[in-house]
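To start, the structure under review is shown below, and the notes come after it.
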Amino acid sequence: QEPEHRLTPAPGGATIRRLSIIDTEGVQKACQLNRKQAEKENVTRISGFRVSAHDFLAEVDLDALKARNDHWEAQHRGLSREERKHEELRRIAGYVAMRNPVYHIQIHVHAAHGAGATPEEIYSVINEAGSWAGGAARQNGMEAWRLVFRPDLPSLLQVVELTDDSLK
């Protein structure tokens, strides 16, 4: 870009030559930053949550995040509250059975509750899916439930006591 020259009157009749350069690279970076922020805000608006994986995608593959957002919105835009509740309960059951990380199950516990599922309904789904998938799966699900509804209780995912008594 060619610099723009302007003559500005100065006291005493002199003129000052001003040079203005538009930083197109800086403008492009600012626009990209705005696009990233807009997509991250869109994640939260349409999903009801955002995790650091979404922020990662915004930084390294903004098109993938936009595609994710477009897909999510197309899938969920027309759902009633009751349909969204059942969708989230199905997701919880699947994610517990697949032994997904606690934080991932927690997102959907929160969303199911927001869509009208009671803590008891969600507990029941986790307990049932956990009975099919084993103790570790159930514990992950119950830990997610605890984080949403009973954060006052200690984590299920910690050793409380170790002893050698049973080895004697």
**Report entry** Mean separation of Cα contacts under 8 Å, 6 or more apart, over the residue count of the chain: relative contact order %
**Finding:** 14 percent
**Report entry** Cα Rg, Dmax (largest Cα-Cα span) when computed across segment 103-168, Å
**Finding:** 14.2, 52
Report summary line: The answer for trypsin sites (Lys or Arg not before Pro) in segment 43-111 that fall in a DSSP coil and have at most 10 neighbouring Cβ atoms within 10 Å is 77
Report summary line: Subtracting the Cα-Cα distance of residue 104 and residue 66 from 0.36 nm times their residue separation yields 11.7 nm
Report summary line: Rounded to a whole %, the carbon-and-sulfur portion of the accessible area of the chain at a 1.4 Å probe is 53 percent
Report summary line: Helix 81-97 sits off the longest principal axis of the Cα atoms of the chain, rounded to the nearest 10 on a 0 to 90 degree scale, by 70 degrees
**Report entry** 5 angstrom amide H check on residue 100, placed H, neighbours 5+ away
**Finding:** none
Query - Gain in span if fully extended, residue 153 to residue 52, counting 0.36 nm per residue against the direct Cα distance - result: 33.8 nm
Query - Average accessible area per residue (Å²) across segment 39-80 - probe 1.4 Å, nucleic acids and ligands excluded - result: 58 Å²
Query - Taking all pairs of distinct alpha-carbon atoms in the chain, Kirkwood radius in angstrom - result: 20.0 Å
Report task. Using only Cα atoms, tell me the angle between helix 119-133 and the longest principal axis of the chain; keep it within 0 to 90° and round to the nearest 10. Result -> 70 degrees
Report summary line: With -39,500 (n - 2.57) per DSSP H segment of 4 or more residues and division by the full residue count of the chain, the 222 nm estimate, nearest 500 deg cm²/dmol, is -21000 deg cm²/dmol
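The values are calculated or read from the model by the stated rules, or taken from the named source; none is laboratory data. Since we're looking at a predicted model, the values are computed, not measured. Heads up, the Cβs are rebuilt from the backbone with ideal geometry, glycines too, and the neighbour counts pull from every protein chain shown. All accessible areas refer to the heavy atoms of the entire protein, side chains included, with ligands and DNA or RNA removed. Shrake-Rupley method; radii C 1.70, N 1.55, O 1.52, S 1.80 Å.
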